[in-house]
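The values are calculated or read from the model by the stated rules, or taken from the named source; none is laboratory data. In this text, all values refer to a predicted model and were calculated from it rather than measured experimentally. Every residue, glycine as well, gets a Cβ built from its backbone with ideal geometry; the counts of neighbours run over all protein chains shown. Ligands, DNA and RNA are stripped out before the accessible areas are found, and what is left, the full protein with its side chains, is counted by its heavy atoms. Shrake-Rupley method; radii C 1.70, N 1.55, O 1.52, S 1.80 Å.
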Amino acid sequence: MWDESLVPSINYSGEGCLALPKLNLQFLTLHDYLLRNFNLFRLESTYEIREDIQEAVPHLLAYINNEGDTSFRGWSRMAVPIKEFKITAVKQPNIGEVKPSSVTAEVTFSISSYRAQIRSEWNALKEHDVLFLLSIRPSFEPLTAEEAAKASVPQRLGLQYVRGCEIIEVRDEEGTLMNDFTGRIKRDEWKPPKGELRTVTVALDTAQYHMDVSNIAEKGADDVYGTFHILMRRKPKENNFKAILESIRDLMNEYCIVPDWLHNIFLGYGNPSAAQWTNMPDILETVDFKDTFLDADHLKESFPDYQVCFINPDGSENLRPRPPFRINLPRMLKGGIHALPGNKMSAIDSANDANKEKEELTVEAYTAPDPGPYPQDQPKQNSVRFTPTQIGAIISGIQPGLTMVVGPPGTGKTDTAVQILNVLYHNCPSQRTLIITHSNQALNDLFEKIMQRDVPARYLLRLGQGEQELATDLDFSRQGRVNAMLVRRLELLSEVERLARSLQLPEDVGYTCETAGYFWLLHVYSRWEQFRAACAENEDKPTFIKDRFPFKEYFSNTPHQVLTGDSFEKDMRAAKGCFRHLKTMFQELEECRAFELLKSTADRANYLMTKQAKIVAMTCTHAALKRKDFLQLGFKYDNLLMEESAQILEIETFIPMLLQRQEDGYARLKRCILIGDHHQLPPVVKNMAFQKYSHMDQSLFTRFVRLGIPYIELNAQGRARPSIAKLYNWRYRDLGDLPYVKKESIFHRANAGFSYDYQLIDVPDYLGRGETAPSPWFYQNEGEAEYVVSIYMYMRLLGYPANKISILTTYNGQKLLIRDVINRRCVPYDFIGPPSKVTTVDKFQGQQNDFILLSLVRTRFVGHLRDVRRLVVAMSRARLGLYVFCRRSLFEQCYELQPTFQLLLQRPDHLALNLNEITSYTERHVEDTGPIHLVSSVDEMISIFNWRYQEQYTRHQFDPYMAYPGAHEMQNGQQNSTPMYHSVDTDIPKAANGAAKDMPDESSMEEDKKMDGLINGQNGDVPTLNSNGEVDKEVSRDDESDPLPESNSNEGTTMEE
């Protein structure tokens, strides 16, 4: 693992040649493509595992005890000493092989030394997780500095052997199964794990075992399996290498077929636009756009290069057209609607077309049939007014072929994707679509929006571990959908009984779905047919339908009277609506019938996944993990939609295209829709040599863009103030703003308490220090951390909600330092509390918030922010306010970042506050700065907070019900009269309107600084960041038990990481 010639750990500079496969634009064959990816992925995984071992083992502080055995003084979050290890079974080799067919072992360890949160992480281990067994023999004498410098990593750690193993099952101290997903333990019989010992049954690597045992027999080597001391786990999100490598290996060994239309493009040959829908053989001639267009004008705006002509279904002209619309699409759409290769501009084409006669586009406006008499029958409607470019993306997405959509920040990628799914479901109801995203967050966003469209919930399914976080009342996991179907079955059968009663028939027809099906044919459908036949002869009688409608009594409980008897046509439409309601009901019962016949939960869940669900969603990781299961179950799909596809490794994008068996040598995939943004951050590859030399961080999306495959670039953002959008829109083709951002009042109002909506704040050395690095790459900047947190506290005091503020930084070290400062300064006080998130720019990609405080940390070298893609992500997270804390002299000279920093530096580089505003609401216009107070330093900012706090506090005492948004929090958080900071001089002369005429000068601030500890209302001795700044740069061991804001299990919360 530590062989530098195999896995180079050098910081590759771009010079020289390495013995590594490369991923570039073209590949010889699919096998060549898979082999290169296999080798690179295996090496990258080795590198990551190696780094994790180097990270975890030193914390255990291994030493040789008096008996001469290895013992441990320390503890580590990811590694635990083994109590007992024994091999329980070695099975006979398969025919023709020498290695055993399986080797299982049992490992026992104790979690007694961990606190609750880390315990729960160890308790969450489940089947198929990969663990590592480490054998450690530290040197008897500690190495001298000179020896340590020369020694290799394994020598420094005393590391002898590393072996991998895969969990089969986990049991607690009483031997009860934990985290069992096989159905052996029923949901209602589940109990929390008992005791502190855990026993894990694991499968060892059989080939490695055979080699080890042969070495013992032939060479008299040590018995590796008698020496394991440590069991190490890895973060679940980063530990899926085994399943992905197995999937790639299986793909190499089977005859895998990429669809013919995609094959050459995928390998990088032929005409780049060959897979565009206009060049595909079987396109949809007429598309029913359902609720895509809000009105006729919206449709006309969406096709500016056409003369739109509306007709009725019978072909006559329609003068007052209303949606829904069906459009006959010409094969070659003109104008900015279709995809362009990256180097073309859309403006040139439209200029030439302006002089020509506009072609006609025929649009049929039809009346949607009556959906049914009950409120739940009404379809949910889209309310987004799509731009012409988004309409172009929707048209391309519903046609067969490859669609590439570049979605700059805030341009409605998810809305567009959801509308593609919606229109696709209505135009091709028999087809199934697979949705893949990179993160659970994106998948949940997509799902919450599909829920608000006219796609029945019973056709949606969400696979993987992230469905717990879905913010809907409905459970979309397999288990949840099965339960929903069973509940729905009972509801429908009781409705069938009610229908039978209303027709004076025996009620036992609603006994099962099968009897209900016969009832539909014999009694319901036959009555409807007789009724239709009678209607045909009596069309001249307006009350005929009201008198003779057979299901009148059943529909007597509708909110409005269904049949009025005023006109035959109106009643006929309503009667058809009622019949449609019944038809849907019995169709749903037919779908529930399989759940009556299949008895086990697993069978029901698999039926749901392979037959029932029309839209199946999962992350790319889950797709790779479960590919074998999908093939075994015969999972099928026609369309693939991939969100965030510029953030997914090329091979992880390729695997989801092949989750189904080929049918008679023919690939079933008809559409592939990739949505992403190659101007934002690429997939994470930790080893620099693989990233820079082998281009392993190039996603399939980026490769396709580089190959010149046409793409549609969405061109109107609706997230940020237009002024903030200017900081990043220079990176895109022609990114404008949606009307919403220009009209909405929230974007016109200034940020209360601040003179500007965005600003660069120059942070000089604090206490004589700029950036520091307690360990390599672990950059921190105490001055910026202090400054950012004091601004956050100032905002909270004005009444800004905590969930609207996020603090971002470009380094993990700074993230942990800021969290530490927040834990000490903000968390103890209810009325301040932690912000929505404190995280790195890279982790925050794909999310947004109203106010972003950004710390750039570095003061010596620009570091990895030199990558413009990281800058674009950092600048595009804020909606209303962005405040960047950095060393001006360093960043203004960086050539790559010029366009953004030139804009930032047009404003003062000291924080400009408006001290007249004392609440978070203001009527001031965003371009009006008001009276500006420039803050000279971190210390002055702390004093301003201090003074503001005093002012709030005295006002709060005189007027407990003051009109201040955070007032009620103040009352809860501050019952006694101790001020939060030792106050600065409280008798600052006040202007009539309550603002300070002049802030205290520097000398008085020096004095106040000495008293600047943060005092807790109860006990006054909280450890704090005192004014002379002596705070541990490293988070101390005791602090590891601090509650951290947003410390979810997969986020690094301690220094150890």
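Annotations for the structure displayed:
- Selected residue (criterion: farthest from Gly195 (Cα to Cα)) from residues of segment 66-109 that are assigned to a strand (DSSP E or B) and of a type in the set (Lys, Arg): Lys86
- Inside segment 1-13, residues that are farther than 28 Å from Asp129 by Cβ and either open to solvent by 80 Å² or more (accessible area, probe 1.4 Å) or of a type in the set (A, V, I, L, M) (or both) make up a count of 5.
- Residue check: Thr292 meets all listed conditions (1) in contact with a Phe, Trp or Tyr (Cβ under 7 Å, 6 or more places away or on another chain); (2) under 30 Å from Phe386 (Cα atoms); (3) in a helix (DSSP H, G or I) but one, namely (3).
- Considering only residues in segment 53-100 that are surrounded by 12 or more Cβ atoms within 10 Å (Cβ to Cβ) and among the hydroxyl-bearing types (Ser, Thr, Tyr), the one that is nearest to Tyr225 (Cα to Cα) turns out to be Thr70.
- Gln632, sole failed condition from (1) at pLDDT 90 or above; (2) in contact with a helix residue (DSSP H, G or I) (Cβ under 8 Å, 6 or more places away or on another chain); (3) in a helix (DSSP H, G or I); (4) open to solvent by 10 Å² or more (accessible area, probe 1.4 Å): (2)
- Of all residues in segment 895-953 being open to solvent by less than 10 Å² (accessible area, probe 1.4 Å) and of a type in the set (Ser, Thr, Tyr), the one that is farthest from Leu727 (Cα to Cα): Tyr949
- Residues that are touching a residue at least 12 places away in the same chain (Cβ under 8 Å), among the polar types (S, T, N, Q) and open to solvent by 10 Å² or more (accessible area, probe 1.4 Å) within segment 744-774 comprise just one, Thr772.
- Positions within segment 529-557 being open to solvent by 20 Å² or more (accessible area, probe 1.4 Å) and among the β-branched types (Val, Ile, Thr), in sequence order: Thr543
- Cross-chain or 6+ apart pairs with Cβ under 7 Å, segment 225-251 first and within 17 Å of Leu631 (Cβ to Cβ), then surrounded by 19 or more Cβ atoms within 10 Å (Cβ to Cβ) and of a type in the set (S, T, N, Q): Ile248/Asn37
- Selection count where residues are more than 23 Å from Pro682 (Cβ to Cβ) and under 28 Å from the mean Cα position of the chain (by Cα), scope segment 856-881: 3
- The set of residues in segment 653-702 that are assigned to a helix (DSSP H, G or I), over 25 Å from the mean Cα position of the chain (by Cα) and not hydrophobic (A, V, I, L, M, F, W, C) comprises Lys692, Tyr693.
- Being at pLDDT 90 or above and part of a helix (DSSP H, G or I) holds for only one residue in Glu940, Glu969, and it is Glu940.
- Pairing each residue of segment 529-545 that is in a loop (DSSP other than H, G, I, E, B) with any residue that is at pLDDT 85 or above and aromatic (Phe, Trp, Tyr), provided the two are 6+ apart or on different chains, yields C-beta distances under 6 Å for Asn538/Phe544; Glu539/Phe568; Pro542/Phe568.
- Listed by first and then second residue, the pairs with beta-carbon distance under 8 Å, at least 6 apart or on different chains, first residue in segment 135-164 and closer than 16 Å to Ala62 by Cα, second among the charged types (D, E, K, R) and part of a helix (DSSP H, G or I), are Leu143/Arg156; Ala148/Arg156; Val153/Arg50.
- Total residues in segment 725-738 satisfying the condition of being modelled with pLDDT under 90 and either part of a helix (DSSP H, G or I) or within 13 Å of Pro899 (Cβ to Cβ) (or both): the figure is 0.
- Of everything listed in (1) under 30 Å from Lys843 (Cα atoms); (2) open to solvent by 10 Å² or more (accessible area, probe 1.4 Å), the single unmet condition for Thr416 is (2).
- Just one of (1) in contact with a strand residue (DSSP E or B) (Cβ under 8 Å, 6 or more places away or on another chain); (2) more than 23 Å from Leu890 (Cα to Cα); (3) not in a loop (DSSP other than H, G, I, E, B) fails for Asn751. It is (3).
- Taking helices (runs of 4 or more DSSP H) as the structural unit, those lying wholly within segment 809-928 and holding at least 3 residues that are at pLDDT 95 or above and over 30 Å from Ser13 (Cβ atoms) correspond to 812-825.
- One residue stands out in segment 243-273 among those that are part of a helix (DSSP H, G or I) and touching a Gly at 6+ places or on another chain (Cβ under 8 Å): the one that is surrounded by the fewest Cβ atoms within 10 Å (Cβ to Cβ), namely Asn264.
- Those residues of segment 120-146 which are assigned to a helix (DSSP H, G or I) and either modelled with pLDDT under 85 or surrounded by 16 or more Cβ atoms within 10 Å (Cβ to Cβ) (or both), in sequence order: Glu121, Trp122, Asn123, Ala145
- Residues being within 20 Å of Leu659 (Cβ to Cβ), in contact (Cβ under 8 Å) with a residue 24 or more places away in the chain and polar (S, T, N, Q) - total across segment 429-468: 6
- Against the test of being open to solvent by less than 80 Å² (accessible area, probe 1.4 Å), in a helix (DSSP H, G or I) and farther than 20 Å from Pro550 by Cα, the options Glu514, Glu497 yield a single qualifying residue, Glu514.
- Gln587 vs. criteria free of Cβ contacts under 8 Å to residues at least 24 places away in the same chain, polar (S, T, N, Q) and farther than 30 Å from Thr411 by Cα: yes
- Within segment 636-672, the only residue that satisfies the criterion of being among the aromatic types (Phe, Trp, Tyr) and farther than 28 Å from Val684 by Cβ is Tyr666.
- Looking only at segment 14-36, residues that are touching a residue at least 12 places away in the same chain (Cβ under 8 Å) and either in a loop (DSSP other than H, G, I, E, B) or surrounded by fewer than 12 Cβ atoms within 10 Å (Cβ to Cβ) (or both) come to 13 in all.
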